[in-house]
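First up is the structure itself, then whatever we jot down about it.
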There are 2 protein chains.
Amino acid sequence: MYESYWRKIGNMCDITFNGYESLSYFANGKSLCWFLESKLEEEIRRLHNVVGNAIVDDYYVVIGNGSSQLIMAALYALSPTNQPHPINIVAAAPFYSSYPEMADFERSELHKWAGDARNYDKDEPYIEFITSPNNPDGVIREPVVNGIQGKLIHDLAYYWPQYTAITSPANHDVMLFTVSKCTGHAGSRIGWALVKDKEVGRKMIKFMEVSTIGVSKEAQLRAAKILGVISDSCVNPTLDNFFEYSQSLLTDRWQRLRQVVKANDLYVLQKYPLQYCLFTKKFYETHPAFAWLMCKGSEEDCEKLLKGHKLQTRGGEKFGSYSRNVRISMLGKDEDFNIFLQRLEAIIQELPDGN
Amino acid sequence: MYESYWRKIGNMCDITFNGYESLSYFANGKSLCWFLESKLEEEIRRLHNVVGNAIVDDYYVVIGNGSSQLIMAALYALSPTNQPHPINIVAAAPFYSSYPEMADFERSELHKWAGDARNYDKDEPYIEFITSPNNPDGVIREPVVNGIQGKLIHDLAYYWPQYTAITSPANHDVMLFTVSKCTGHAGSRIGWALVKDKEVGRKMIKFMEVSTIGVSKEAQLRAAKILGVISDSCVNPTLDNFFEYSQSLLTDRWQRLRQVVKANDLYVLQKYPLQYCLFTKKFYETHPAFAWLMCKGSEEDCEKLLKGHKLQTRGGEKFGSYSRNVRISMLGKDEDFNIFLQRLEAIIQELPDGN
């Protein structure tokens, strides 16, 4: 979806590497994160300051191969090593479908997936993911367990102005962001964490060291360039503001989707609040990267039902929810999204009057 | 060390990325490894064919964030999931110091470090690392356990003509390589595995998916460019052959190091065979990326002793060996290597006659 913006701005984002550059494992920075390019750290801090979505002063920046690796690293860093049992990991359903897999796929004795945070009632240490806006349903989230032994990971991949109003700068202990959701450059595999506690940051860096000895310098330097251009676009009125451009794209897609869905009672979309955005100084309704569609009144598996009409979605069960829900991507290419809408419209028009 | 080559060839390796390129998680290739850029796969296969150090036909190529991630992925893929106990992981000492840490740092129930392969006598499944030429001591290795329940990972990071004669194309079940040791571009974090069995390859790819959702496209495309230039340099007589150039650098460094060390009996270097290299069609002595120095007759900790003279080395104990051994990097910058040699010479000249 973001490709049109990047084509529009032409060669402002071009970056060239010579054969003799970026040979070393090490970066030049004096950062705690020894493999983090100082230019990237600078642009990450600048962008958060420009957008106002997170506090960066007194935070350590840890870079990762996408936010996936940072999720793994945060689990590693927050898991106690002196306990007889693995720590419980929870997230309120519906949750990002990869959390359970990430928690358990290495069969680590450090941590284990413990399901829906709303059902967690053990008097034991736990780690809770708070994904806000949430993947898959776009809802703004707060912690739900609120136990005294909890450690929190705030996954803020979608806390950018194109998706939702920036209502305050986030200042949690561990906050995760990723270039892929912010700018669309998923292929670069660059994520970052803002970490308050030095020891937690150090352990996350250790995780990166052992698992991948850091992060590609090319990807880091290109990400620095891209984030820099985005910040420039926000402060320089002669440039096309990236977030305003993306807001208008998402607003248009959401309007068209709601238009198609509104004419019936069987298929219902999640509703979102209208909030004042400190970044744009305007009221903005949340327009998530995914739509969360509920197939009301149907006992059927909604993913299967839609697949029968050539509509690609992800079923709610994958997110710890019900099969009557599906997640629809709102970030695909224009042509794919248009075809999706046409097919969905055809299904809804075939419904009997009043459904 | 390789920087001089890359400066010499000028802009042949330049690569430019536009803002709208490489946005997707996916690569274009029809490879089993869905995030592998087809251009990189092509250049990897071409380079092995040009150098003759590994068979690529009927092998799957799996790309990773450095060979570190591929080591973790291979352990994951080769560990049985239906066993009550974690599988034992061994390597003959002295071994790469990261293997024990990689095996155990996540406290996985799938696998555990079991030490020196030469002491392994259990009648149980095991995984053996065969690092050849070996890190830290440069020796050409074969499996040592040779049990019927063994699964082998051949870490061939240093099986390139600048380090050792290419005596035959390797054709093991799982073979690991990395750009950093081949070309010097450690900052790119690009490694690859050649995998014979489809199911093992698939599991390794699954590991990459869950842990990092693939590998940076920028790093992959730049690596493709660099490997391509190296292959070109081998087949085009008007270009400076990369491996011959690197051989002459390493040969020179090793000669100077041996010259400094030969005048005494206390400090002794590992000896290597002279073998016929199928790539250069000449006899070549192994010139490893590391020197393995033994401080004979001394009960003292050799790393500590040398550190007292401002010589940075890594003590043998870190490699499952003795503290009388140290590993010396032979790939540092020219100036660092020269200072190292001067200081080592000063120590040796201070020794009493006949030691």
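The values are calculated or read from the model by the stated rules, or taken from the named source; none is laboratory data. Just so it is clear, the model here is predicted, and its values are computed rather than measured. Cβ sites come from the backbone with ideal geometry, for glycine too, and all protein chains shown count toward neighbours.
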Test each condition in (1) away from chain A (no Cβ under 14 Å); (2) touching a strand residue (DSSP E or B) at 6+ places or on another chain (Cβ under 6 Å) for B:S67 and report the one that comes out false. (1)
Can you pull out the residues in region B:29-44 that are more than 16 Å from B:I205 (Cα to Cα) and either out of contact with any Leu (no Cβ under 9 Å at 6 or more places or on another chain) or free of Cβ contacts under 8 Å to residues at least 12 places away in the same chain (or both)? B:E42
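Per-residue answers, yes or no, for (1) under 28 Å from B:F17 (Cα atoms); (2) in contact with a Gly (Cβ under 9 Å, 6 or more places away or on another chain):
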{"position": "B:N146", "(1), (2)": "no, no"}
{"position": "B:Q162", "(1), (2)": "no, no"}
{"position": "B:R189", "(1), (2)": "yes, yes"}
{"position": "B:K196", "(1), (2)": "no, no"}
{"position": "B:G201", "(1), (2)": "no, no"}
{"position": "B:K217", "(1), (2)": "yes, yes"}
{"position": "B:L221", "(1), (2)": "yes, no"}
{"position": "B:I226", "(1), (2)": "yes, yes"}
Taking region B:242-264 and keeping only residues that are surrounded by fewer than 17 Cβ atoms within 10 Å (Cβ to Cβ), under 18 Å from B:S4 (Cβ atoms) and either of a type in the set (D, E, K, R) or touching an Asp or Glu at 6+ places or on another chain (Cβ under 6 Å) (or both), one is left with B:E244, B:D252, B:R256
Test for B:Y76: is it within 9 Å of chain A (Cβ to nearest Cβ), out of contact with any Asp or Glu (no Cβ under 6 Å at 6 or more places or on another chain) and either more than 30 Å from B:Y276 (Cβ to Cβ) or of a type in the set (K, R) (or both): yes
Candidates A:E101, A:E3, A:E37 - the one that is within 14 Å of chain B (Cβ to nearest Cβ) and farther than 30 Å from A:D240 by Cα: A:E101
How many residues does region A:308-355 contain that are part of a helix (DSSP H, G or I), more than 27 Å from the chain's Cα centre (by Cα) and not charged (D, E, K, R)? 5
Matching option when the condition is without any contact (Cβ under 8 Å) to a residue 40 or more places away in the chain and either of a type in the set (F, W, Y) or within 11 Å of chain A (Cβ to nearest Cβ) (or both), among B:V210, B:V215, B:V268, B:V229: B:V210
Let me spell it out: the conditions are (1) at pLDDT 95 or above; (2) out of contact with any helix residue (DSSP H, G or I) (no Cβ under 9 Å at 6 or more places or on another chain), and B:H85 meets all of them except one. Which number is the exception? (1)
Condition broken by B:P86, with the remaining ones in (1) facing chain A (nearest Cβ under 9 Å); (2) crowded, with 23+ Cβ neighbours inside 10 Å satisfied: (2)
Going residue by residue through region A:50-61, is there one that turns out to be under 17 Å from A:E209 (Cα atoms), out of contact with any His (no Cβ under 9 Å at 6 or more places or on another chain) and more than 14 Å from every other protein chain (Cβ to nearest Cβ)? yes
Quick check on region B:10-31: of everything there that is of a type in the set (G, A, S) and out of contact with any Cys (no Cβ under 9 Å at 6 or more places or on another chain), which residue is surrounded by the fewest Cβ atoms within 10 Å (Cβ to Cβ)? B:G10
Hits in region A:251-276 - residues which are of a type in the set (S, T, Y) and not in a loop (DSSP other than H, G, I, E, B): A:T251, A:Y267, A:Y276
